[in-house]
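Below is one structure, written out as structure tokens; the observations come after it.
The values are calculated or read from the model by the stated rules, or taken from the named source; none is laboratory data. For clarity, every value in this text was computed on a predicted model and none was experimentally measured. Note that we place each Cβ from the backbone using ideal geometry, even for glycine, and neighbour counts take in every protein chain shown. To get the accessible areas, we keep the full protein, side chains included, count just its heavy atoms, and leave off ligands, DNA and RNA. Shrake-Rupley method; radii C 1.70, N 1.55, O 1.52, S 1.80 Å.
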Amino acid sequence: MVLLDFGTASIWMDGILLMEVDSLADPGEKCCWGELNMLGLDKTSRVTIKAVTICHVRMVPHKIFDTCLKMFNNDQKKLHIEIPKRVRKLGRQQEKYRAIVAEKKAQARSAAAAAPAAKSL
């Protein structure tokens with residue numbers, strides 16, 4: 001799992017820019033990626049994250065996270081309550097991302113189809 005502490009990063013899916021996130025725009029909301037992969041709930045990385053500015057990130061390897069959960073049993077119980085909520089939120093986010101990608105691909109196809117017509121005029 002990767003957490004963005006400072007900087008601006010862009011989120012890409014299928015080669016299409018979805019959005020940029022800026023840690024300073026909403027300091028109370030931390031951006032993170034790969035939490036479902038770290039928990040073993042997903043095997044596929046669905047987006048690519050690229051630094052737009054210099055970024056300070058924190059990487060949390062699965063092994064260390066798992067060790068922490070074993071050390072703090074109460075937090076493990078809380079996590080089991082929060083995981084389904086997060087999975088639902090990420091599912092909605094993925095649907096939104098897929099819709100953006102589909103829309104941008106459709107726009108690109110329309111532009112490409114219109115280009116030859118414009119040249120012939």
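Looking at the structure I just gave you, is Leu17 more than 11 Å from the chain's Cα centre (by Cα), within 24 Å of Val101 (Cβ to Cβ) and not in a loop (DSSP other than H, G, I, E, B)? Break it down into steps so the answer makes sense when it comes.
Working: more than 11 Å from the chain's Cα centre (by Cα): yes; within 24 Å of Val101 (Cβ to Cβ): yes; not in a loop (DSSP other than H, G, I, E, B): yes.
In short, yes.
Take Lys105 and tell me if it is of a type in the set (Lys, Arg), free of Cβ contacts under 8 Å to residues at least 40 places away in the same chain, assigned to a helix (DSSP H, G or I) and over 16 Å from Ser10 (Cβ atoms). Don't jump to the end; show me each part of the working.
On the way: of a type in the set (Lys, Arg): yes; free of Cβ contacts under 8 Å to residues at least 40 places away in the same chain: no; assigned to a helix (DSSP H, G or I): yes; over 16 Å from Ser10 (Cβ atoms): yes.
Criteria not met by Lys105.
Which is in contact (Cβ under 8 Å) with a residue 12 or more places away in the chain and in contact with an Asp or Glu (Cβ under 6 Å, 6 or more places away or on another chain), of His62, His56? Can you show your working first?
Numbers: His62 fails: in contact with an Asp or Glu (Cβ under 6 Å, 6 or more places away or on another chain).
Only one candidate qualifies: His56.
Surrounded by 14 or more Cβ atoms within 10 Å (Cβ to Cβ) and more than 15 Å from Leu18 (Cβ to Cβ): is that true of Val87 in this structure?
Values: surrounded by 14 or more Cβ atoms within 10 Å (Cβ to Cβ): yes; more than 15 Å from Leu18 (Cβ to Cβ): yes.
Yes: the conditions hold for Val87.
Enumerate the pairs (first residue in the stretch 1-12 and in a strand (DSSP E or B); second residue anywhere and among the small types (Gly, Ala, Ser) and open to solvent by less than 40 Å² (accessible area, probe 1.4 Å)) with beta-carbon separation below 7 Å, excluding pairs fewer than 6 apart on the same chain, so at least 6 apart or on different chains.
Val2/Gly34; Leu4/Ser23; Asp5/Ser23; Phe6/Ser23
Which one of Met59, Met71 is within 30 Å of Asp22 (Cβ to Cβ), aliphatic (A, V, I, L, M) and open to solvent by 70 Å² or more (accessible area, probe 1.4 Å)?
Only one candidate passes the filter, namely Met59.
Only one of Lys50, Lys30 is out of contact with any Leu (no Cβ under 7 Å at 6 or more places or on another chain) and of a type outside the set (S, T, N, Q); which? Explain how you work it out, then say what you get.
On the way: Lys30 fails: out of contact with any Leu (no Cβ under 7 Å at 6 or more places or on another chain).
Being out of contact with any Leu (no Cβ under 7 Å at 6 or more places or on another chain) and of a type outside the set (S, T, N, Q) holds for just one of Lys50, Lys30, which is Lys50.
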